[in-house]
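This report refers to the structure that appears directly beneath it.
The values are calculated or read from the model by the stated rules, or taken from the named source; none is laboratory data. Since the structure is predicted, the reported quantities are computational estimates derived from the model, not experimental observations. We place every Cβ from the backbone using ideal geometry, glycine too, and count neighbours over all the protein chains shown. Each accessible area value is taken on the protein alone, full model and side chains, heavy atoms only, with ligands, DNA and RNA left out. Shrake-Rupley method; radii C 1.70, N 1.55, O 1.52, S 1.80 Å.
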Amino acid sequence: MKIAFVGKGGSGKTTLSSLFIRHLAANEAPVVAVDADINQHLGTALGLGDAEAAELPALGAHLPLIKEYLRGSNPRIASAESMIKTTPPGRGSRLLRVTGDNPVYEACARTLLLDGDPVRLMATGPFTEADLGVACYHSKVGAVELCLNHLVDGPDEYVVVDMTAGSDSFASGMFTRFDVTFLVAEPTRKGVSVYRQYKEYARDFGVALAVVGNKVQGPEDIEFLQDEVGEDLLVTVGHSDWVRAMEKGRPAAFELLEATNRLALQALQDAADDSYAQRDWDRYTEQMVRFHLKNAESWGNAKTGVDLADQVDPDFVLHEGVERGAEAEALVSPRPQPLQPAPQPA
């Protein structure tokens, strides 16, 4: 399942996504975690030191490699340079899987061990001062969108994306790439304002949206969220001493997370698993093509100098049974060793 965590800045979105990733890993599920936030904090939330997190490879820096690998032998794509973030796969394209190795993972992912359980972590890379005036953040996450367009995942496999804060996630078609979107909302008027924006945007695209109430202190907070978001409220999360210790860089073993919060995380996993029954690969592919044609007309054709509508394979539907494309030759660089979170002071 492909899962997004969204919410306004300061809502606890990254913290909750990191807890969910830890929960899945503890349940021995295959997980690919992606930090697509403008502020790159998922690595540190998963236990990396600041220096280790800063050394994570940036997806955007490897975009030529990603494009070259994914286009494979697709005859509709003449070159990697003609691919844009919305380019859809077709016959001959190479696809990514949650498990297994490929040159994209070797170059762009690092394996973390969370209490001994492996998780693949990928990051868009930070938005730096050098980007100001010459780039927007949506160009940074283009590599994520391209990978999601070419990713096939099955039941009991999870791709968890920590999205950028606010409603910016709807500035491209990437918000349609997920089976379920968890919106983290505080029990305040500002906290639910982003929910209203997401609800309006998502309605026309069949995006499954569930609200996670965070920083809830009592029944009045729960009642407020129920009044504001209704049946979209899935679960609420309150204070956590475990999280407070984690934010200080001194987390205990994850199995010591409070029982109420572990139950909340299980509710998120159950909701993600239930979304699998609603998966519609035809609609998923149609939306992919729709946004690609929109981007092609508005800017893509002018940028690449080709008619990007020709990249659409009308007879291709992405789905779990689609045959794998030709395997690329392995990279000659040595495979990086799993990253262990830095030891913390007692």
Every pair of residues 6+ apart whose Cβ atoms lie under 6 Å, when the first sits in region 29-40 and is within 23 Å of residue 156 (Cβ to Cβ) while the second is among the basic types (Lys, Arg) and in a strand (DSSP E or B): 32/120
Given (1) under 15 Å from the mean Cα position of the chain (by Cα); (2) under 21 Å from residue 198 (Cβ atoms), index of the condition residue 58 fails: (2)
Helices (runs of 4 or more DSSP H) within region 1-87 that include 1 or more residues over 21 Å from residue 114 (Cα atoms) and among the aromatic types (Phe, Trp, Tyr): 63-71
Within region 7-50, tally of residues that are open to solvent by 10 Å² or more (accessible area, probe 1.4 Å) and among the polar types (S, T, N, Q): 6
Every pair of residues 6+ apart whose Cβ atoms lie under 6 Å, when the first sits in region 82-97 and is in contact (Cβ under 8 Å) with a residue 24 or more places away in the chain while the second is β-branched (Val, Ile, Thr) and open to solvent by 20 Å² or more (accessible area, probe 1.4 Å): 82/304; 82/306; 88/289
Leading residue by the ranking (farthest from residue 68 (Cα to Cα)) among those in region 117-169 that are charged (D, E, K, R), crowded, with 16+ Cβ neighbours inside 10 Å and modelled with pLDDT of 85 or more: 117
Test result for residue 2, under 16 Å from the mean Cα position of the chain (by Cα), modelled with pLDDT of 95 or more and within 23 Å of residue 103 (Cβ to Cβ): yes
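Could you say which residue among 307, 313 is open to solvent by 50 Å² or more (accessible area, probe 1.4 Å) and at pLDDT 95 or above? Please lay out each step first, then the result.
Working: 313 fails: open to solvent by 50 Å² or more (accessible area, probe 1.4 Å).
Being open to solvent by 50 Å² or more (accessible area, probe 1.4 Å) and at pLDDT 95 or above holds for just one of 307, 313, which is 307.
Any chance region 217-225 includes a residue that's closer than 29 Å to residue 276 by Cβ and within 25 Å of the chain's Cα centre (by Cα)? Give the steps one after another, and end with the answer.
First pass over region 217-225, keeping only residues closer than 29 Å to residue 276 by Cβ: 222, 225.
Then keep just the ones that are within 25 Å of the chain's Cα centre (by Cα); that gives none.
Among the residues of region 217-225, not one is closer than 29 Å to residue 276 by Cβ and within 25 Å of the chain's Cα centre (by Cα), which makes the answer no.
What about residue 255, is it open to solvent by 20 Å² or more (accessible area, probe 1.4 Å) and closer than 19 Å to residue 210 by Cα?
For residue 255, the condition - open to solvent by 20 Å² or more (accessible area, probe 1.4 Å) and closer than 19 Å to residue 210 by Cα - is not met.
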